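A.B. asks: Following this message is one structure expressed as structure tokens.
The values are calculated or read from the model by the stated rules, or taken from the named source; none is laboratory data. Small disclaimer: the values here were computed from a predicted structure and weren't measured. Neighbour counts are summed over all protein chains in view; Cβ atoms, including those assigned to glycine, are modelled from backbone coordinates with ideal geometry. For accessibility, only protein heavy atoms count, side chains too; no ligands or nucleic acids. Shrake-Rupley method; radii C 1.70, N 1.55, O 1.52, S 1.80 Å.
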Amino acid sequence: GYNSMAGLQNLIGDLNKKNELPGTLIVNNSKGFTVLKTDDIVFLEADGYCTNFYLTGKTKISSARNLKYYSCLLPPSVFMRVHHSFIINLSHVKGYNSDDNILLTENYSCSLSTAHKNVFLACFRNKKH
């Protein structure tokens, strides 16, 4: 028989690819989906095969999709992979310290891996704001 969940997944995949709602990301979960404003996403964290989204207002939502799936959908000018487990929204970066912690808004922080360090630091080198 027709699997409506698979149909829904395909529809959501199509919506994300076409991105009919600019500045949004559709996150599916077991109960349906949530439409997020990309500006509200502080960072994403890999959690096994799932992904946790940490949002402004200290909200956290989980998705059954892995981090790689979302890394292809998020605008690369704003979202950067900084670790095998983390993708951050560059507009939410508040600072960085020598312990390789990236400080984010809402008192969040995440690790910066050696592999991604140069690219991350280059983003903030002598930027005119």
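A.B. asks: Is it the case that SER77 is over 11 Å from the mean Cα position of the chain (by Cα), of a type in the set (S, T, N, Q) and at pLDDT below 95?
C.D. replies: The answer is yes for SER77.
A.B. asks: All but one of (1) open to solvent by 80 Å² or more (accessible area, probe 1.4 Å); (2) more than 24 Å from PRO22 (Cβ to Cβ) hold for SER91; state the number of the condition that does not hold.
C.D. replies: So SER91 meets the others, but not (2).
A.B. asks: Still on this model: Is it the case that some residue within the range 26-33 is at pLDDT 90 or above and touching a His at 6+ places or on another chain (Cβ under 8 Å)?
C.D. replies: Our first condition is that a residue be at pLDDT 90 or above; within the range 26-33, this holds for 26-27, 33.
After this cut, where a residue has to be touching a His at 6+ places or on another chain (Cβ under 8 Å) as well, the list is none.
The answer is no, given that none of the residues of the range 26-33 is at pLDDT 90 or above and touching a His at 6+ places or on another chain (Cβ under 8 Å).
A.B. asks: How many of the residues making up the range 48-62 are touching a residue at least 24 places away in the same chain (Cβ under 8 Å) and out of contact with any Asp or Glu (no Cβ under 9 Å at 6 or more places or on another chain)?
C.D. replies: Residues in the range 48-62 being touching a residue at least 24 places away in the same chain (Cβ under 8 Å) and out of contact with any Asp or Glu (no Cβ under 9 Å at 6 or more places or on another chain): 1 in total.
A.B. asks: Please determine, by comparing only the residues of the range 28-53 that are farther than 26 Å from GLY7 by Cβ and under 8 Å from the mean Cα position of the chain (by Cα), which one is surrounded by the fewest Cβ atoms within 10 Å (Cβ to Cβ).
C.D. replies: So, considering only residues that are farther than 26 Å from GLY7 by Cβ and under 8 Å from the mean Cα position of the chain (by Cα), the one surrounded by the fewest Cβ atoms within 10 Å (Cβ to Cβ) is GLU45.
A.B. asks: Do you know which residues across the range 102-122 are under 19 Å from ILE41 (Cβ atoms), surrounded by 11 or more Cβ atoms within 10 Å (Cβ to Cβ) and not β-branched (Val, Ile, Thr)?
C.D. replies: LEU103, LEU104, GLU106, TYR108, SER109, CYS110, SER111, LEU112, HIS116, PHE120
A.B. asks: Let me ask something else. Only residues in the range 99-125 that are within 12 Å of ILE88 (Cβ to Cβ) count as the first member; pair them with residues that are of a type in the set (Phe, Trp, Tyr) and open to solvent by less than 60 Å² (accessible area, probe 1.4 Å), Cβ under 7 angstrom, at least 6 apart or cross-chain, and list the lot.
C.D. replies: LEU104/PHE43; TYR108/PHE43; TYR108/TYR54; CYS110/PHE43; CYS110/PHE86; SER111/PHE86; LEU112/PHE120
A.B. asks: Restricting to the range 54-80, count the residues that are part of a strand (DSSP E or B) and either among the hydroxyl-bearing types (Ser, Thr, Tyr) or loosely packed, with under 15 Cβ neighbours inside 10 Å (or both).
C.D. replies: Count: 6.
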